[in-house]
Amino acid sequence: MTKNFKKGLFASFPIVIAYIPIAITFGITATALGFNSLEIILMSVLIFAGASQFTLITLLPNSFTNAIFISIILNLRHLIYSSIIAQKFNITRPKIVAFMLTDEVFATAINSKNCNEQYLLGLEIGSYASWIFGTAIGCFCCKMILNKALYSSLTFSLTALFLLLLIPNLKGFGKLSAIIGGVIALIFQYIGYPSFGILFAGILTPIIVLGVKSVR
C-alpha cells in the first residue's frame, strides 16, 4: 500500500460518509420492492452506480428494455469523466479506474493538487467499499430502519455531498459553470427529462465556458 494510496483512501472519507446512508437507502428500497439480499448486494458489487441502480430496481419489474436503456443514458456522462481522467493522469489500470469512477470521486480527484493513479485508486476503493457496506446494512436492517422520516434524511445525503463539492469551486469561471450547468439541468427537469439534463449539462457547460473564455 503506497503513501499516495493511503492519502487517497483518507481523502475518500467525506464520500464514504455520504455514500453509506444513500447505499442504505438503496438496500431498503430494493428490499421493499421485492428483491432478495443477494440480488441487491450483487447490483452494488457489479454496477456501483447509484442513480442507475435506483433506476433498475424501479423499472426492471415493469420493463427490462426501459430499465437498461435509461441506465445507459444516465451513465453516458462517465465518457466525459473518463476522457478527462485519462488526459490528466497516467493511468496504467484503465479498467479498474473506469469501473470505480463516480461523480464524487471524479470531482475530488480533479480538485486534488497531488492526485495520481494511486491516490485515485485509494479514493475509489474507499468509496466502493462504503457503497457495498451501506447496501448490506440496508438489506439486513430493512424492517428496523424503514420509516419515512429516516428515509427522507438518508436520500438527502447525496445532494448534500454534491453541494459540499461544489461550494469550494465557486470562484471565477467556476461560478459561471455552476450557473450554466444548473440552468441546463433545470430546463430538462422542467420538460420531464432529468437524465438528459445531467448529460447535456456535462457536455454543453464546458463548451460554453471555453467559448466565453476565448472571447475574453
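Being loosely packed, with under 13 Cβ neighbours inside 10 Å and either under 30 Å from Tyr119 (Cα atoms) or β-branched (Val, Ile, Thr) (or both) is the filter here; which residues of region 51-78 pass it? Thr65, Ile72, listed by residue number. Selection of region 17-50 for residues being of a type in the set (A, V, I, L, M, F, W, C), open to solvent by less than 30 Å² (accessible area, probe 1.4 Å) and touching a Gly at 6+ places or on another chain (Cβ under 8 Å) yields Ile22, Ala23, Ile24, Phe26, Ile28, Ala30, Ile40.
Kindly check whether there is at least one residue in region 92-110 that is assigned to a helix (DSSP H, G or I), in contact with a Cys (Cβ under 6 Å, 6 or more places away or on another chain), open to solvent by less than 50 Å² (accessible area, probe 1.4 Å) and within 19 Å of Val16 (Cβ to Cβ). Yes, the conditions are met somewhere in region 92-110. Answer yes if at least one residue in region 130-146 is modelled with pLDDT of 85 or more, closer than 22 Å to His78 by Cα and either open to solvent by 40 Å² or more (accessible area, probe 1.4 Å) or of a type outside the set (S, T, N, Q) (or both), and no otherwise. Yes, there is a match, as at least one residue in region 130-146 is modelled with pLDDT of 85 or more, closer than 22 Å to His78 by Cα and either open to solvent by 40 Å² or more (accessible area, probe 1.4 Å) or of a type outside the set (S, T, N, Q) (or both).
Scanning region 178-196 for residues that are aromatic (Phe, Trp, Tyr), in a helix (DSSP H, G or I) and at pLDDT below 80 yields one hit, Phe196.
The values are calculated or read from the model by the stated rules, or taken from the named source; none is laboratory data. The structure displayed is predicted, hence computed values, not measured ones. Backbone-built Cβ (ideal geometry, glycine too); neighbour counts: all protein chains shown. These area figures cover heavy atoms from the full protein model, side chains too; ligands, DNA and RNA do not enter into them. Shrake-Rupley method; radii C 1.70, N 1.55, O 1.52, S 1.80 Å.
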